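K.L.:
First the structure, then my questions, so here it is.
The values are calculated or read from the model by the stated rules, or taken from the named source; none is laboratory data. Note that this is a predicted model, so its numbers are computed, not measured. We place every Cβ from the backbone using ideal geometry, glycine too, and count neighbours over all the protein chains shown.
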Amino acid sequence: MTNLQERGHLLTEQVNPLSLNLDQLSCLELVELFNSEDHKAVAAVAAAKVEIAKAIEETAARLRQGGRLFYVGAGTSGRLGVLDAAECPPTFCTPPELVQGIIAGGAGALVRSSEDLEDRAEDGDAAIAQRHITLLDVVVGITAGGTTPFVHGALNAARQRGALTIFMACVPAEQVGFEADINIRLLTGPEVLAGSTRLKAGTVTKLTLNILSTGVMVKLGKVYGNRMVDVAVTNQKLRDRALRILQDLTGLSREAAGYLLEHSGKWVKLALLMHWTGLSKEDGDRLLSKHQGNLRDAVAGYKDTQQS
């Protein structure tokens, strides 16, 4: 493990030669430089695509068996994990316990800097024990520089419990090695502002978490085509989205789509199944359960029974 007092050699801590005159640039030149450097975040995701795809596949397999997904991090990395976890329930109607974010310092660290707490590996260990992590669960450790003790402690504890462990860092393995089931290295290079990993490292982390969680939900059957059929209808914006999905996929008027949505219990997926099969809410619900919530499989299963 890298000496915590000597991090200057890390890729995320190095000085970017393209921004040595950062304090002398015009506002337009600043924007152009940041924009140019941010392109490296997209390239870094592409370079790690095999590992990210493996993470999606193996995470979906665990969640399909009743497991949970946890993001663990400190500072910016922790906040991004909490953000991604918080966005899953409204987007995919998942229970809040299915995807959870764990940040060093707890909820208070979301709005106030608590960077000193990232140095406590034992707190990461305790966070895993508190949530009763099992072999069905997945724990993603997020640390831009790869050295955060809180993350290391959490991942080591998770591995001991048999959980799938994923290590996500913005430094190469030869700089910071770590034993995890899946290693995702997102190499964006030195920051425009030296050491400020809320910049490119933060951007590439957000991109990767977007892909990971959305990819997992797609594989869990929470998407039909590219439609958000498990959206939680909790406000006017989301109700409007639900109605548009129903109208687009069924050809119904807005009024008829609204009637169907209400009779499905405000569940777009069930509403579509009811419309396409003529099943009642109760029978449609049972059919979806039989096919683990996968709408496409449920429709195919219904057609098979009708033809036999």
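K.L.:
Within region 49-69, how many residues turn out to be small (Gly, Ala, Ser), surrounded by 19 or more Cβ atoms within 10 Å (Cβ to Cβ) and within 30 Å of Gly189 (Cβ to Cβ)?
P.N.:
Let us first name the residues in region 49-69 that are small (Gly, Ala, Ser), namely 53, 55, 60-61, 66-67.
Applying the additional criterion that residues be surrounded by 19 or more Cβ atoms within 10 Å (Cβ to Cβ) yields 55, 60, 67.
Add one more test, that the residue is within 30 Å of Gly189 (Cβ to Cβ), and what stays is 55.
Qualifying residue count, region 49-69: 1.
K.L.:
Of the numbered conditions (1) closer than 23 Å to Pro149 by Cβ; (2) modelled with pLDDT of 95 or more, His39 fails exactly one; give the number of that condition.
P.N.:
Among (1) closer than 23 Å to Pro149 by Cβ; (2) modelled with pLDDT of 95 or more, the lone unmet condition for His39 is (1).
K.L.:
Considering region 157-206 alone, what residues qualify as being within 22 Å of Gln65 (Cβ to Cβ), out of contact with any strand residue (DSSP E or B) (no Cβ under 8 Å at 6 or more places or on another chain) and surrounded by fewer than 19 Cβ atoms within 10 Å (Cβ to Cβ)?
P.N.:
Gln160, Arg161, Gly162 - these are the residues of region 157-206 that are within 22 Å of Gln65 (Cβ to Cβ), out of contact with any strand residue (DSSP E or B) (no Cβ under 8 Å at 6 or more places or on another chain) and surrounded by fewer than 19 Cβ atoms within 10 Å (Cβ to Cβ).
K.L.:
Oh, and also: Check region 207-217 and report whether any residue there is over 22 Å from Val82 (Cβ atoms), at pLDDT 95 or above, of a type outside the set (Val, Ile, Thr) and surrounded by fewer than 18 Cβ atoms within 10 Å (Cβ to Cβ).
P.N.:
Taking every residue of region 207-217 in turn, none turns out to be over 22 Å from Val82 (Cβ atoms), at pLDDT 95 or above, of a type outside the set (Val, Ile, Thr) and surrounded by fewer than 18 Cβ atoms within 10 Å (Cβ to Cβ).
K.L.:
Oh, and also: Just checking, which of Val72, Val45 is within 23 Å of Asp181 (Cβ to Cβ), in a helix (DSSP H, G or I) and in contact (Cβ under 8 Å) with a residue 40 or more places away in the chain?
P.N.:
So the residue among Val72, Val45 that is within 23 Å of Asp181 (Cβ to Cβ), in a helix (DSSP H, G or I) and in contact (Cβ under 8 Å) with a residue 40 or more places away in the chain is Val45.
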